[in-house]
1. For the stretch 34-73, which positions are hydrophobic (A, V, I, L, M, F, W, C) and within 17 Å of the chain's Cα centre (by Cα)?
2. Of these, ASP147, ASP165, which one is out of contact with any Gly (no Cβ under 8 Å at 6 or more places or on another chain), open to solvent by 80 Å² or more (accessible area, probe 1.4 Å) and either more than 27 Å from PRO61 (Cβ to Cβ) or modelled with pLDDT of 90 or more (or both)?
3. Just one of (1) at pLDDT 90 or above; (2) more than 16 Å from ARG6 (Cα to Cα); (3) open to solvent by 70 Å² or more (accessible area, probe 1.4 Å); (4) among the charged types (D, E, K, R) trips up LYS126, so point out which.
4. When residues of the stretch 11-32 are filtered for being open to solvent by 20 Å² or more (accessible area, probe 1.4 Å) and either acidic (Asp, Glu) or in contact (Cβ under 8 Å) with a residue 40 or more places away in the chain (or both), how many remain?
5. So the check is Cβ under 9 Å with 6+ separation or different chains; which pairs have a first residue in the stretch 46-72 that's more than 16 Å from ILE99 (Cβ to Cβ) and small (Gly, Ala, Ser) and a second one that's modelled with pLDDT under 85 and surrounded by fewer than 17 Cβ atoms within 10 Å (Cβ to Cβ)?
6. Among the strands (runs of 3 or more DSSP E) lying completely within the stretch 44-103, list those that include at least 1 residues that are among the basic types (Lys, Arg), open to solvent by 20 Å² or more (accessible area, probe 1.4 Å) and at pLDDT 85 or above.
7. Go through the stretch 129-142 and give me each residue that's open to solvent by 20 Å² or more (accessible area, probe 1.4 Å) and touching an Asp or Glu at 6+ places or on another chain (Cβ under 8 Å).
8. Taking the stated definitions as given, is GLU108 open to solvent by 70 Å² or more (accessible area, probe 1.4 Å), within 30 Å of GLN53 (Cβ to Cβ) and out of contact with any Lys or Arg (no Cβ under 8 Å at 6 or more places or on another chain)?
Amino acid sequence: MATDERIEKYESKMNKTLESLEKEFVTIRAGRANPHILDKLTVDYYGTPTPLQQVANITVPEARMIQIQPWESSLIKAISKAILASDLGLNPNTDGKLIRLILPELTEERRKELVKDVKKKGEAAKVAVRNIRRDANDAFKKLAKQDVSEDEIKELEDTVQKLTDKFGKKIDKAVEEKSKEILTV
């Protein structure tokens, strides 16, 4: 039973790496309006950086439009400023009560850039998983000094290797799905 606890710790870390990658993928603009592209935005709300979702209602009325309705109209300038300062490349249109973000059609070149970025993030996640495997193997080698048999250590290393392979495949699948979504016109 102790074997499971030693492995679970590293499996949990690998799982967090995959979840982090998937959260990053949600914020990448793929041509269709997705309110999650605004997840990283913070607005200056009475001197405190506050997530946009906590100061406004965000909706998607059309396939290429995001509508932001702040709880207080005094926030419109701060929200527009935050959007312009972000790396989203969007121009906010405002009528005094609402902010509309029109998402332009992605060019083929921009789609390819986004796919490269997705693959880079996927590779970084794989490196993180391999680092977790290395840490696990180092910890298992230290167990040899604590009267743990070589066979048991070998078994632990094999289990961690299988986990590494499993999460590598999951990361590849996530990268493939996001790339396909971006390249779909």
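The values are calculated or read from the model by the stated rules, or taken from the named source; none is laboratory data. Remember, it's a predicted structure, so these values are computed and weren't measured experimentally. When we count neighbours, we look across all protein chains shown, and the Cβ atoms used for this are built from the backbone with ideal geometry, even at glycine. To get the accessible areas, we keep the full protein, side chains included, count just its heavy atoms, and leave off ligands, DNA and RNA. Shrake-Rupley method; radii C 1.70, N 1.55, O 1.52, S 1.80 Å.
1. Within the stretch 34-73, ILE37, LEU38, LEU41 meet the criteria.
2. ASP147
3. (3)
4. Going through the stretch 11-32 one residue at a time, the tally reaches 10.
5. ALA63/ARG32
6. On the way: elements: 48-51, 56-62, 65-70, 92-94, 99-102.
Correct list: 99-102.
7. ASN137
8. It is false that GLU108 is open to solvent by 70 Å² or more (accessible area, probe 1.4 Å), within 30 Å of GLN53 (Cβ to Cβ) and out of contact with any Lys or Arg (no Cβ under 8 Å at 6 or more places or on another chain).
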